[in-house]
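Student: I have a structure here, written as structure tokens, and I will follow up with some questions on it.
Bear in mind these aren't lab numbers, they're just calculated from the coordinates by the rules spelled out. Computed from a predicted model, the values in this text were never measured in an experiment. For neighbour counting, all protein chains shown are included, and Cβ atoms are generated from backbone atoms with ideal geometry for every residue, glycine included.
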Amino acid sequence: MIPNMIASADPDRLFSPLWRKDISHIRFFLAEDFRSARQFLSSLKVFDDIGALHFEKLDRDTAEEEIDRLLKPLLDGQDMGILSESGCPGVADPGALATGRAHRLGITVCPLVGPSSILLSLMASGLNGQRFAFHGYLPIQEKELNAEIKKLEKVSRDERQTQIFIESPHRNNRLLSALKKQLSPSSRLCVACDLTGKDEKIVSLPVKNWPEWELPKMPCIFLFLA
């Protein structure tokens, strides 16, 4: 399980030499996008010939009945790597499909340390890190979005649970505006943008104290605690 970068950054900051050495012998990979996978593996500078590596597609459209075919190198005794397009494979990522099958086949699964925007934002938020939930994307339609925010705020208040979610970059400001309008003034809201990147910025304040901030069109994580 090979984590990928979540922002434009120097791989030396995120991945240890020992980590990279551990994967240098692997020749078979599952990835969402071959081009970006090759670029990432090339940036690690541990493979003599990127062109000699073999890739199979594993994405959200991969059917479960395809998994055994994709895992054939494992069944033949070869090690394989599962690459996320961003962050940690298997966490809000289709890699979980192959990992679950590997466990059922008795194949050892080894997760490598790497950046997760979900955990990094929670670490930096100052919100409850003992009880939290990740919800992926919230509804797009305004009425459903507002209702979901209200529902999650009630859960957060009743259970002291941090709520975490993401949004498409071009809708960042729309979501931020909805959160500031729908959440109670005392609820604590955090937005973390471009984590590990050169433009990283994290703001975590009660809604009533939130500044005017035009969010960039780049990956952001949203969190709140009532």
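Student: Run the count for the stretch 117-225, please: Lys pairs, Cα-Cα under 16 angstrom, 8 or more apart or on different chains.
Tutor: Lysine pairs satisfying the spacing and distance rule in the stretch 117-225 number 13.
Student: Additional query: Would you kindly state how much longer the chain becomes between residue 112 and residue 142 on full extension, computed as 0.36 nm times their sequence separation minus their alpha carbon distance, in nm to one decimal?
Tutor: 6.9 nm
Student: In addition: Alpha carbon centre of the stretch 178-226 versus the stretch 117-146: separation in Å?
Tutor: 10 Å
Student: Please build a GNM for the chain, connecting alpha carbons under 10 Å apart, and tell me which residue among 214, 153, 56 fluctuates the most.
Tutor: Of 214, 153, 56, the Gaussian network model singles out 214 as fluctuating most.
Student: Sorted by packing (mean other beta-carbon atoms within 10 Å per residue), highest first, where do 132-139, 59-66, 43-50 land?
Tutor: Final packing ranking: 132-139, 43-50, 59-66.
Student: When we measure straight from the Cα of residue 21, which lysines land under 19 angstrom away, once same-chain ones fewer than 8 places off are left out?
Tutor: Straight-line reach from residue 21, under 19 Å: 45.
Student: Explain nothing, just the number: relative contact order of the stretch 112-226, from Cα pairs under 8 Å at least 6 residues apart, as a whole percent.
Tutor: With pairs under 8 Å counted, the relative contact order is 34 percent.
Student: Using a simple spin-label model with points 7 Å from Cα along the Cα→Cβ vector, what separation in nm is obtained for residue 203 and residue 78?
Tutor: Output for this residue pair reads 4.9 nm.
Student: If I take every Cα pair under 8 Å that is 6 or more residues apart in the chain, average their sequence separation and divide by the length, what percent do I get for the relative contact order?
Tutor: Working: 373 pairs, mean separation 49.3, N = 226.
After rounding, I find 22 percent.
Student: Which of rounded, prolate or oblate describes the stretch 1-46 when judged by the alpha-carbon gyration tensor and an a/c cut-off of 1.5?
Tutor: Oblate, because a/c is 1.5 or more while a/b does not exceed b/c.
Student: Picking from 82, 166, 107, which is most flexible by a Gaussian network model of the chain using Cα springs under 10 Å?
Tutor: Most flexible of the set in this elastic network: 107.
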